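Undergrad: My questions all concern the structure below.
The values are calculated or read from the model by the stated rules, or taken from the named source; none is laboratory data. All values derive from a computational prediction rather than experimental measurement. For neighbour counting, all protein chains shown are included, and Cβ atoms are generated from backbone atoms with ideal geometry for every residue, glycine included.
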Amino acid sequence: MKLGLNVRNFGPSADPKGLRAWARFAEDAGFALAMMSDHVASTPDVDETYPAPFYDPFTTISWLAALTTTLELGTSVTIAPYRHPLQTARVVANIDRFSDGRFVLGVASGWSEPEFAALGVPYARRGAMTDDHLRVLVDFWTRERISHDSEFVTFTDVATGPAPVRRPHPPIWVGGAAPVAIRRAARFGDAWHPANPDLTWLRDIGLPALRDAAAVLGKPAPPVAPRVQLDVRQEHVELPDRPAGTGTLEQIAADLDTIAALGASYVVLDTNPGDPHDRRSLREDFYVLETVARHWRDQRS
């Protein structure tokens, strides 16, 4: 199982210097992947958790790709309905080219109704739009010329290219934990990317649902690649519903072992606490990430 991290591409520390520091830290510390969030319109509900300034993930990743050599870069997660799928497909393919095949597309249907309204996109149809857009993306990346006719997108005889480096296409990680999201991951995903899943739920409900959905499609289930919020404590946390990633270094290492045993291909460590007032400095975040990663690796060696 590979370790990734979630870059804070928003808030007071988000500027070119800080974003460059994230990428250099991730690569130097041996992380395999760095991911970042996606919002287009910072409506009040978005700004409450992801305060301005908010850096666009595609623009930022294309820049960071030129500053790194081995680090994979991706979105956790792109909100598919916010952009026309032809635009998303071309941008992703271009970045995958520029990065020599280091792009990972995390994708989900979104959650902010005011943001959908600001963009003029129907919130109630976001799930169906996401499925439709994913079909366009896969066609774009695997064919030289495509046409499409649906409720949401219609076009004829559109030339694609350049093709992405990774074939048949860059990895698609499907986010979300609702039944429809799990079915979407089984249909389109190279990985299922739930955020902060309860590990008992993941083992007993989430992964069996993923396997069942894949079996209906007659295909193998993709691996899970969760994002886990870190909250390192000095003392052992004795809670029956302790979230994964919360507790001592030993508890967090055990959580990572459990995730690996469930067949995870990656786990993305997230130091964003959710409440903007609780955020630490970049130096503190880097220390937490490096300490957790080193402790887990040492335990396994």
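Undergrad: Would you confirm, using the coordinates I've provided, whether V292 is in contact (Cβ under 8 Å) with a residue 24 or more places away in the chain, touching a His at 6+ places or on another chain (Cβ under 9 Å) and within 26 Å of A177 (Cα to Cα)? First the steps, then the outcome.
TA: On the way: in contact (Cβ under 8 Å) with a residue 24 or more places away in the chain: yes; touching a His at 6+ places or on another chain (Cβ under 9 Å): no; within 26 Å of A177 (Cα to Cα): yes.
So V292 does not fit the description; no.
Undergrad: Right, here's the next one. Does V180 qualify as being outside any loop (DSSP other than H, G, I, E, B), surrounded by 12 or more Cβ atoms within 10 Å (Cβ to Cβ) and aliphatic (A, V, I, L, M)?
TA: yes
Undergrad: Take the residues in the stretch 273-285 that are farther than 22 Å from V77 by Cβ and touching a residue at least 12 places away in the same chain (Cβ under 8 Å); name whichever of them is surrounded by the most Cβ atoms within 10 Å (Cβ to Cβ).
TA: L282
Undergrad: Going by what's in this entry, would R143 be described as over 23 Å from L5 (Cα atoms) and either among the small types (G, A, S) or at pLDDT 95 or above (or both)?
TA: Taking the combined requirement at face value, the residue satisfies it.
Undergrad: Kindly indicate the residue of the stretch 32-41 that is touching a residue at least 60 places away in the same chain (Cβ under 8 Å) and either closer than 20 Å to E115 by Cβ or of a type in the set (D, E) (or both) and also surrounded by the fewest Cβ atoms within 10 Å (Cβ to Cβ) among those meeting that condition.
TA: Here is the first cut: in the stretch 32-41, the ones touching a residue at least 60 places away in the same chain (Cβ under 8 Å) are 32-33, 35, 39-41.
From what is left, the residues that are either closer than 20 Å to E115 by Cβ or of a type in the set (D, E) (or both) are 35, 39-41.
Numbers: M35: 28, H39: 22, V40: 18, A41: 16.
Checked the stretch 32-41; the qualifying residue surrounded by the fewest Cβ atoms within 10 Å (Cβ to Cβ) is A41.
Undergrad: In the stretch 88-126, how many are among the hydrophobic types (A, V, I, L, M, F, W, C), crowded, with 21+ Cβ neighbours inside 10 Å and free of Cβ contacts under 8 Å to residues at least 40 places away in the same chain?
TA: Quick first cut of the stretch 88-126, residues among the hydrophobic types (A, V, I, L, M, F, W, C) only: 89, 91-93, 95, 98, 103-105, 107-108, 111, 116-119, 121, 124.
Cutting the leftovers down to crowded, with 21+ Cβ neighbours inside 10 Å gives us 89, 92-93, 95, 103-105, 107-108, 116.
Adding the requirement that they be free of Cβ contacts under 8 Å to residues at least 40 places away in the same chain leaves 95, 116.
Going through the stretch 88-126 one residue at a time, the tally reaches 2.
Undergrad: Given the residues D231, D255, D241, D270, which is the only one that is under 28 Å from R183 (Cα atoms), in contact (Cβ under 8 Å) with a residue 40 or more places away in the chain, among the acidic types (D, E) and in contact with a strand residue (DSSP E or B) (Cβ under 6 Å, 6 or more places away or on another chain)?
TA: Sole residue among the options that is under 28 Å from R183 (Cα atoms), in contact (Cβ under 8 Å) with a residue 40 or more places away in the chain, among the acidic types (D, E) and in contact with a strand residue (DSSP E or B) (Cβ under 6 Å, 6 or more places away or on another chain): D270.
Undergrad: To continue, here is another question. Return the residues of the stretch 104-151 that are of a type outside the set (S, T, Y), under 17 Å from D45 (Cα atoms) and under 21 Å from the mean Cα position of the chain (by Cα); say none if nothing qualifies.
TA: G110, W111, E113, E115, F116
Undergrad: Among (1) surrounded by fewer than 22 Cβ atoms within 10 Å (Cβ to Cβ); (2) under 30 Å from A117 (Cα atoms); (3) under 19 Å from the mean Cα position of the chain (by Cα), there is one condition P44 misses while meeting the rest; what is its number?
TA: P44 satisfies every listed condition except (3).
Undergrad: Is the stretch 131-142 home to any residue that is surrounded by 14 or more Cβ atoms within 10 Å (Cβ to Cβ) and in contact with an Asp or Glu (Cβ under 6 Å, 6 or more places away or on another chain)?
TA: No, the stretch 131-142 contains no residue that is surrounded by 14 or more Cβ atoms within 10 Å (Cβ to Cβ) and in contact with an Asp or Glu (Cβ under 6 Å, 6 or more places away or on another chain).
Undergrad: Picking from R203, R187, which residue would you name as being among the basic types (K, R), part of a helix (DSSP H, G or I) and under 18 Å from the mean Cα position of the chain (by Cα)? Give the steps one after another, and end with the answer.
TA: Details: R203 fails: under 18 Å from the mean Cα position of the chain (by Cα).
On inspection, the qualifying residue turns out to be R187.
Undergrad: Another question, then. What is the number of the single condition among (1) more than 17 Å from R280 (Cα to Cα); (2) in contact (Cβ under 8 Å) with a residue 40 or more places away in the chain; (3) hydrophobic (A, V, I, L, M, F, W, C); (4) crowded, with 17+ Cβ neighbours inside 10 Å that A29 does not meet?
TA: Among (1) more than 17 Å from R280 (Cα to Cα); (2) in contact (Cβ under 8 Å) with a residue 40 or more places away in the chain; (3) hydrophobic (A, V, I, L, M, F, W, C); (4) crowded, with 17+ Cβ neighbours inside 10 Å, A29 violates only (4).
Undergrad: Further question: For the list (1) within 23 Å of the chain's Cα centre (by Cα); (2) closer than 30 Å to P12 by Cα, I need the number of the one condition that Q234 fails.
TA: Result: Q234 passes all but (1).
Undergrad: Across the stretch 217-266, what is the total count of residues that are buried (at least 21 other Cβ atoms within 10 Å of the Cβ), of a type in the set (V, I, T) and either in a helix (DSSP H, G or I) or at pLDDT below 95 (or both)?
TA: Count: 2.
Undergrad: Given the structure, is A195 at pLDDT 95 or above, within 20 Å of L3 (Cα to Cα), surrounded by fewer than 23 Cβ atoms within 10 Å (Cβ to Cβ) and of a type in the set (G, A, S)?
TA: yes
Let's see how each residue does on (1) surrounded by 19 or more Cβ atoms within 10 Å (Cβ to Cβ); (2) more than 19 Å from L289 (Cα to Cα); (3) out of contact with any strand residue (DSSP E or B) (no Cβ under 7 Å at 6 or more places or on another chain):
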site	(1), (2), (3)
N9	yes, no, no
A14	yes, no, yes
A23	yes, no, no
Y50	yes, yes, no
L67	no, yes, yes
L71	yes, no, no
L86	no, yes, no
